[in-house]
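The values are calculated or read from the model by the stated rules, or taken from the named source; none is laboratory data. None of the values given here were measured: they were computed from a predicted structure. Keep in mind that these areas ignore ligands, DNA and RNA; they rest on the heavy atoms of the full protein, side chains included. Shrake-Rupley method; radii C 1.70, N 1.55, O 1.52, S 1.80 Å.
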Amino acid sequence: MPASDLAKILIAIGVVVLIAGVLLLLWPHLPLPGRLPGDLSFHRDGVHVFIPIATSIILSIILTIIINVVLRLFK
């Protein structure tokens with residue numbers, strides 16, 4: 001394995017650890033997933049319907065950024 005490939009792998013691992021660390025620091029201050037302003041919740045006759053629209057959009061944006069960063073490292 002060439003040294004440049006190993007360096008890219010270590011950078012990708014470092015980015016993941018950095019993101020995890022920031023999330024752990026900010027976790028108490030972040031609204032819990034499922035309780036964001038754009039999430040819909042309905043109760044009627046013992047039936048609970050939950051539609052996490054805002055949570056899905058934010059998760060999609062975060063995962064898209066992470067995947068793009070990792071893929072650009074391996075180009």
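Observations on the structure shown:
- Angle between the chain longest axis and helix 53-73 axis [Cα atoms, degrees, rounded to 10]: 10
- Å² per residue, accessible surface of the chain at 1.4 Å: 84
- Apolar share of the accessible surface for the chain: 76 percent from carbon plus sulfur atoms, 1.4 Å probe.
- Pairs of Cα atoms nearer than 8 Å and 6+ residues apart set the relative contact order; for the range 12-62 it is 26 percent.
- Percent breakdown of C-alpha pair distances by 10 Å bin, ordered from the shortest bin, for the chain: 16, 32, 26, 16, 8, 2, 0
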